[in-house]
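For reference, the structure is listed below as structure tokens.
Bear in mind these aren't lab numbers, they're just calculated from the coordinates by the rules spelled out. The model shown is predicted, which means the values in this text are computed figures rather than measured ones. No Cβ is skipped: glycine too gets one built from the backbone with ideal geometry, and neighbour counts run over all protein chains shown.
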Amino acid sequence: MSQDAAKQAAAEAALQYVVPGEILGVGTGSTVNYFIDALARVRSTIPGAASSSEASTARLKAAGIEVVDLNDAGTLSIYVDGADEADRHLRLIKGGGGALTREKIVAAASRKFVCIADESKLVDVLGKFPLPVEVIPMARSYVARELVRLGGIPKLREHCITDNGNVILDVTGLAITDPVRMETEIGLLAGVVTVGLFARRPADVLLLGSPSGVRELQR
Ligand code: 5RP
């Protein structure tokens, strides 16, 4: 089974969590694209979706699914999104697709966060995947220096301006043994908009696609 087929299997499995009659939150990325394709088949059962990126908004609309402003949606029953890494406590690294800020907002506004991924994303310790940090452009150098002070090696993501007009520093070399603490510490740096650690609000369900089927981990 290819990695794409594993992503698609996890995405299809997430359909069971969609609550008929309720708006849901939709993340960003190639795994979520499979989920949007699956959601299109049941679009008549939901009033719409709150989107985490311009890219997902365009795909949802193309699939005939109404996109709802999160401000008008109230608390969402579920949020479905992918991840770059996940540990067994369902803490995540996200932001490989650059949508981490809106993703964190929609996740925070949702009762249940269903994470979909292929099994290669499951790790013992987070941090092999470079940690994305979205930064206000004028704070780029300051935040980079602070990240070095924390033991990281920040690299400006080239040709990337986020949907919010900011830049992203991808940070390698961090020992993320305490993800909640690191999320707080980096998040408090002046100029940081969002750090791509989802540990304070981890996923509630992790659906991992693999050749032997879809494995479900609960928190
Ligand atoms: C985007 C994300 C994605 O969820 C993450 O990058 C995983 O992407 P993919 O499903 O393409 O592997 O956080 O900001």
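Can you tell me the dipole magnitude for the chain around its Cα centre, using point charges on the Cβ only (Lys, Arg +1; Asp, Glu -1), in Debye to the nearest 20? Provide the component values of the computation, followed by the final result.
Numbers: 24 positive and 26 negative charges, 55 e Å.
Dipole size: approximately 260 debye.
Given contacts defined as C-alpha pairs under 8 Å and at least six residues apart, what's the relative contact order of the chain, whole-number percent?
Details: 500 pairs, mean separation 52.1, N = 219.
It comes to 24 percent, rounded to a whole number.
Got the relative contact order for the range 131-196 handy, in percent, Cα pairs under 8 Å and 6 or more residues apart? Write out the running numbers ahead of the final one.
Numbers: 105 pairs, mean separation 31.8, N = 66.
Rounded, it is 48 percent for the range 131-196.
Treat each spin label as a single point 7 Å out from the Cα along the C-beta direction, and report the D4 to I136 distance in nm.
Simple spin-label model gives 4.2 nm for this pair.
List the lysines whose Cα lies under 20 Å from the Cα of K155, skipping any in the same chain that are fewer than 8 positions away.
The reachable lysines, counting only those whose Cα sits under 20 Å from K155, are K94, K128.
In debye, nearest 20, what is the charge dipole magnitude of the range 149-209 about its Cα centre with +1 on Lys and Arg Cβ and -1 on Asp and Glu Cβ, if you could check? Display every interim value, and only then the final one.
Values: 6 positive and 7 negative charges, 26 e Å.
It works out to roughly 120 debye.
Round to the nearest 0.05 the FRET efficiency obtained for S212 and E185 when R0 = 45 Å and r is the Cβ-Cβ distance.
Numbers: r = 38 Å, r/R0 = 0.85.
Computed FRET efficiency for S212 and E185: 0.70.
With Rg and the Kirkwood Rh both taken from Cα atoms, where does Rg over Rh land for the chain?
My calculation puts Rg/Rh at 0.96.
For a Förster distance of 22 Å, can you work out the FRET efficiency between the beta-carbons of R201 and S77, rounded to the nearest 0.05? Intermediate values should be presented prior to the final figure.
Working: r = 16 Å, r/R0 = 0.71.
The pair R201/S77 has a calculated efficiency of 0.90.
Testing the spin-label approximation: label points 7 Å from Cα along Cα→Cβ at Q16 and K155. State their distance in nm.
In this crude spin-label approximation the distance works out to 3.9 nm.
Go ahead and run the numbers for FRET between K128 and A58, Cβ-Cβ distance against an R0 of 45 Å, rounding to 0.05. List each step's numbers first, then the result.
Details: r = 31 Å, r/R0 = 0.69.
It comes to 0.90.
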